[in-house]
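Structure first, commentary second.
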Amino acid sequence: MSEWQRQLAAALTDPGDLARRYQLDPEPLRAVVERYPMRISPHYLGLIQGPGDAIWKQCVPDPRELVATDEVLDPLDEERLSPVPRIVHRYPDRVLLLACGECATYCRFCTRKRKVGCPAMAGTAEELAQALSYLENTPAVRDVILSGGDPLLLEDDRLEDLLRRLRSIPHVEMIRLGSRVPVTLPERITDRLCAMLREFHPLYLNTHFNHPRELTPEAAAACRRLADAGLPLGNQTVLLRGVNDTAPTMLELVRGLLKIRVRPYYLHHMDLTSGTGHFRTRIETGLNIVAALRGPVSGLAVPHYVIDAPGGKGKIPLQPEYLLRGGHPALLRTPGGATLEFPNRVE
Ligand SMILES: *Cc1c(COP(=O)(O)O)cnc(C)c1O
Ligand code: SF4
């Protein structure tokens, strides 16, 4: 067993252990965990400074997850967009391949919490073969995004085999990894893994930092190893009520990301996944945050604020209303709040 596997094996999965550690009543936690599994890696657990803080909220089960609201299990209609098991094909030229059913830490706000970490998500060799043959037979697919779960929880040999099989498909031009292990299990990013990954370029990695306290020296070192192996690194943040829904927190996060060579890519508005309502903010909150970033920080640090439209209709960019009036001249709002006439093209 390698060190990262020992760390993963030592993750907290029993509400009883958590309850003893923090003197909580384990029963309400157990009820949640029966439905949505818990796993907190030692590294991530170590980032908790106290009950209810920004790290705690992301990983500790909350009875509100069981409150029935108007949300749905699969708001993005991923099951309908799945031509074969483990593939989500919504955009013509790119697909998600759900390569692994597990994560190093289960995020309480996960879009796929209906199945991530559950036995049904484990997947079989047969399903993977079907997914690969779908990709082979679908020449429109240029970009394969390995998702899950967390594809970097696959052992090196299995991941290498999967990447090799994807690379052997001529029309697959690029591969992306979507992984939160740089944040939750930085031990996973070994020199051996990076040496393997660099054989499969163009290979991109999008990770998932949500809070400045996740920018630890260990996470920074993991990102450095990946970047040194030539993987362009992006970050997808989920806008979470009570975690990162203020401009100062987000400012610190995006600045910190650029310092560790990770470029902010998306800021996701929470979608309508059942059991996550307590994390949702107003759209205006996100718009105000993005407006507050525009100007004070490098343009490289400003993510696209998007909402994934219900029913599998795709991502919609949400932008502050900079265009106050179209026509000629157009009236724009500057980041400072002044208005500006702009000589719009006359048709
Ligand atoms: C977000 C997403 C992608 C990737 O979209 P990009 O904007 O290219 O990063 C692909 N497929 C699905 C189903 C997605 O939700
Ligand atoms: S790491 Fe990603 S897939 Fe895994 S639980 Fe968190 S949000 Fe969901």
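Carbon and sulfur together cover what percent of the accessible area of the chain at a 1.4 Å probe radius?
The computed percentage sits at 53.
What is the set of long-range amide H partners of I307 at a cut-off below 5 Å, with H atoms built 1.01 Å from backbone N?
So I307 has HN proximity to H269, I316, L318.
Might you report the magnitude of the Cβ-based charge dipole of region 241-287 about its Cα centre, with Lys and Arg at +1 and Asp and Glu at -1, to the nearest 20 debye?
In debye, rounded to 20, region 241-287 gives about 220.
Could you check how many percent of all C-alpha pairs in region 74-158 are farther apart than 19 Å?
Beyond 19 Å sits 35 percent of the P(r) for region 74-158.
Among V243, V297, V181, whose mean-square fluctuation peaks in a Gaussian network model of the chain (Cα, cutoff 10 Å)?
Judging by the Gaussian network model, the answer is V297.
Highest mean first, what order results for 90-102, 274-286, 307-319 on Cβ atoms within 10 Å?
90-102, 274-286, 307-319
Hey, got a sec? Which GluC sites (Glu not before Pro) in region 1-81 land in a DSSP loop and have at most 14 other Cβ atoms within 10 Å?
Those satisfying the criteria are E79.
Residue by residue through region 306-311, which ³J(HN,Hα) values in whole Hz follow from phi under the Karplus form 6.51 cos²θ - 1.76 cosθ + 1.60 (θ = phi - 60°), with glycine and proline marked x?
In residue order, the calculated couplings are 9, 10, 8, 5, x, x Hz.
Taking 1 over the mean of 1/r across every pair of different Cα atoms in region 134-280, what Kirkwood radius in Å do you get?
Here the Kirkwood hydrodynamic radius works out to 16.2 Å.
If I take every Cα pair under 8 Å that is 6 or more residues apart in region 3-267, average their sequence separation and divide by the length, what percent do I get for the relative contact order?
With pairs under 8 Å counted, the relative contact order is 16 percent.
Using a Förster radius of 30 Å, what is the FRET efficiency between S133 and E160 based on their Cβ-Cβ separation? Nearest 0.05, please.
0.95
Which value, in Å to one decimal place, does the Kirkwood hydrodynamic radius take for region 3-267 when every pair of different Cα atoms is included?
Every distinct Cα pair counted, the radius reaches 19.2 Å.
Work out the count of Lys pairs in the chain where the Cα-Cα distance is under 24 Å, with the pair 8 or more places apart or on different chains.
So the count of such lysine pairs works out to 6.
For region 281-291, what does the Karplus curve 6.51 cos²θ - 1.76 cosθ + 1.60, with θ = phi - 60°, yield as ³J(HN,Hα) per residue in whole Hz, taken in order and with x for Gly and Pro?
10, 6, 4, 4, 4, x, 4, 5, 5, 4, 5
Extent of region 201-347 along each principal axis, from alpha carbon coordinates, in Å, largest to smallest?
Over region 201-347, Cα extents along the principal axes are 52, 37, 31 Å.
Return one whole number: the accessible area per residue of region 3-267 in Å², for a 1.4 Å probe.
42
Along region 133-147, what does the Karplus equation 6.51 cos²θ - 1.76 cosθ + 1.60 (θ = phi - 60°) give for ³J(HN,Hα), rounded to whole Hz, x for Gly and Pro?
6, 4, 5, 4, 9, 10, x, 5, 7, 9, 9, 10, 9, 7, 9
Take every Cα pair under 8 Å in region 70-132 that's 6+ residues apart, average their separations, divide by the length, and report that relative contact order as a whole percent.
In percent, rounded to a whole number, it is 33.
The values are calculated or read from the model by the stated rules, or taken from the named source; none is laboratory data. None of these values were measured; they are calculated from a predicted model. All Cβ positions, glycine included, derive from the backbone under ideal geometry; neighbour counts span all protein chains shown. Surface accessibility is based on the protein's heavy atoms, side chains included, excluding ligands, DNA and RNA. Shrake-Rupley method; radii C 1.70, N 1.55, O 1.52, S 1.80 Å.
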